Amino acid sequence: MSRISDTVGVPGAVLPVIHIADVEQVVEEARLALHTGAHGVFLIHHGGDSLLTIEAADAVFASFSADCRAQPFIGVNLLGKTPVEAFQCLHYERSYPVCGVWCDEASDGLVKHAGSSGVWASLYFASVAFKGQPQPADLARAAWIEIAQGADVLTTSGPATGKPCDPAKVRALREAVGPWYGVGVASGVRASNAAELVRAGADALLVA
């Protein structure tokens, strides 16, 4: 299984993306998502408030701990921060409940390595051929550059927000990186195309 499948325990993880308004809303929506079958959640604040995002992640963790439930996969996207800055921010804030870090931008240097520990042990969801970015001429090369910087899950998307991702792009990523590295799809995932994306090789679906 890939790194994401090995972590979450299923070959095709559904990870709802919760847009943060306040902490109470996030906890309520995370509990709803996880109680109805999601395999984890990602949290994102479109105003770029990293501290609020981390506070919300800690609150979701605490909510499930209070119920004595198994801890869910909790991921964050710290908008406005580079991958290196995102991991550093989580380290400074000691946000250990975070299991995954998703960044819209490509890596800006070595993010983590095989022996990384602490928050750097969180799965790094690196964007490849993502919406709003220049599209690489060589998708496989772009993916392996991200892997060399520490990526665990190569995350791609459709051409724009809400636009479906071409399964051929997912298939090309999967063929390029093999079975060990994860392939995720964010934006444009819906009930009508989710199964096709999983068949093409996606093992993480980030759905709004």
Margin query: Which numbered condition in (1) over 26 Å from Val10 (Cα atoms); (2) open to solvent by 50 Å² or more (accessible area, probe 1.4 Å); (3) within 18 Å of the chain's Cα centre (by Cα) is the only one that Glu29 fails?
Written below: (1)
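With the requirement that a residue be open to solvent by less than 60 Å² (accessible area, probe 1.4 Å) and more than 20 Å from Val170 (Cβ to Cβ), what does the stretch 96-109 give you? Let's see the steps before the verdict.
Here is the first cut: in the stretch 96-109, the ones open to solvent by less than 60 Å² (accessible area, probe 1.4 Å) are 97-104, 106-107, 109.
Residues satisfying the conditions are Pro97, Val98, Cys99, Val101, Ser107, Gly109.
Counting only residues that are of a type in the set (S, T, N, Q) and modelled with pLDDT of 95 or more, which one in the stretch 48-81 is surrounded by the fewest Cβ atoms within 10 Å (Cβ to Cβ)?
Of the residues in the stretch 48-81, the ones of a type in the set (S, T, N, Q) are 50, 53, 63, 65, 71, 77.
Checking the rest, the ones that are also modelled with pLDDT of 95 or more come to 50, 53, 77.
Working: Ser50: 20, Thr53: 28, Asn77: 23.
Per the criteria, the residue is Ser50.
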Next item on the list: For the stretch 1-11, state whether one or more residues are at pLDDT 95 or above, surrounded by 21 or more Cβ atoms within 10 Å (Cβ to Cβ) and either over 18 Å from the mean Cα position of the chain (by Cα) or not in a loop (DSSP other than H, G, I, E, B) (or both).
Entry: no
Next item on the list: Mind listing whichever residues of the stretch 149-194 are at pLDDT below 95, among the hydrophobic types (A, V, I, L, M, F, W, C) and more than 17 Å from the chain's Cα centre (by Cα)?
Entry: Ala160, Ala191
Note to self: Given the options Lys131, Lys112, Lys163, name the one that is part of a loop (DSSP other than H, G, I, E, B), charged (D, E, K, R), open to solvent by 40 Å² or more (accessible area, probe 1.4 Å) and free of Cβ contacts under 8 Å to residues at least 40 places away in the same chain.
What the structure shows: Lys163
Note to self: Checking the conditions here, which among Ala38, Ala70, Ala33 is closer than 26 Å to Thr161 by Cα and free of Cβ contacts under 8 Å to residues at least 24 places away in the same chain?
What the structure shows: Ala33
Note to self: Which condition from (1) β-branched (Val, Ile, Thr); (2) open to solvent by less than 40 Å² (accessible area, probe 1.4 Å); (3) in a loop (DSSP other than H, G, I, E, B) is the one that Ile147 breaks?
What the structure shows: (3)
Margin query: When the residues of the stretch 134-144 are narrowed to those that are part of a helix (DSSP H, G or I) and open to solvent by 50 Å² or more (accessible area, probe 1.4 Å), which ends up nearest to Lys112 (Cα to Cα)?
Written below: Trp144
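The values are calculated or read from the model by the stated rules, or taken from the named source; none is laboratory data. For clarity, every value in this text was computed on a predicted model and none was experimentally measured. Using ideal geometry, Cβ is built from the backbone for each residue, glycine included, and neighbour counts are taken over all protein chains shown. Ligands, DNA and RNA are stripped out before the accessible areas are found, and what is left, the full protein with its side chains, is counted by its heavy atoms. Shrake-Rupley method; radii C 1.70, N 1.55, O 1.52, S 1.80 Å.
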